[in-house]
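These notes are about the structure you will find just below.
The values are calculated or read from the model by the stated rules, or taken from the named source; none is laboratory data. Everything numeric in this text was worked out from a predicted model, so none of it was measured. Please note: Cβ atoms are built from the backbone with ideal geometry, for glycine as well, and neighbour counts cover all protein chains shown.
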Amino acid sequence: MEGGLSHLADYLGPTKILWATDYPHADGFFPGVPAMIAEKLPENSRRQVLAESAMQFYKLS
């Protein structure tokens, strides 16, 4: 997980960041990435990065 995520969200805005996973690779951070993101971003940005940005991008309701 990138240490600069909060800086990136501040710079680009959380609406421009989509989170994805390539689970189940052994070198991945599953299942800890959502918790890592929770530590780095405030609630409104976290929700945007983890779900809402992708929903908006793919026009999902």
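Scan the stretch 2-11 for residues that are surrounded by fewer than 12 Cβ atoms within 10 Å (Cβ to Cβ) and under 11 Å from Q48 (Cβ atoms) and jot them down. Lay out the reasoning, then the answer.
Narrowing the stretch 2-11 to residues surrounded by fewer than 12 Cβ atoms within 10 Å (Cβ to Cβ): 2-4, 7, 11.
Those that are surrounded by fewer than 12 Cβ atoms within 10 Å (Cβ to Cβ) and under 11 Å from Q48 (Cβ atoms): none in the stretch 2-11.
Per-residue answers, yes or no, for (1) outside any loop (DSSP other than H, G, I, E, B); (2) farther than 21 Å from Q56 by Cβ; (3) modelled with pLDDT under 70; (4) touching an Asp or Glu at 6+ places or on another chain (Cβ under 6 Å):
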site: M1; (1), (2), (3), (4): no, yes, yes, no
site: S6; (1), (2), (3), (4): yes, no, no, no
site: A9; (1), (2), (3), (4): yes, no, no, no
site: T15; (1), (2), (3), (4): yes, no, no, no
site: L18; (1), (2), (3), (4): no, no, no, no
site: T21; (1), (2), (3), (4): no, no, no, no
site: F30; (1), (2), (3), (4): no, yes, yes, no
site: P34; (1), (2), (3), (4): yes, no, no, no
site: I37; (1), (2), (3), (4): yes, no, no, no
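Checking L50 against (1) crowded, with 16+ Cβ neighbours inside 10 Å; (2) at pLDDT 90 or above: exactly one of these is not met. Which one?
(2)
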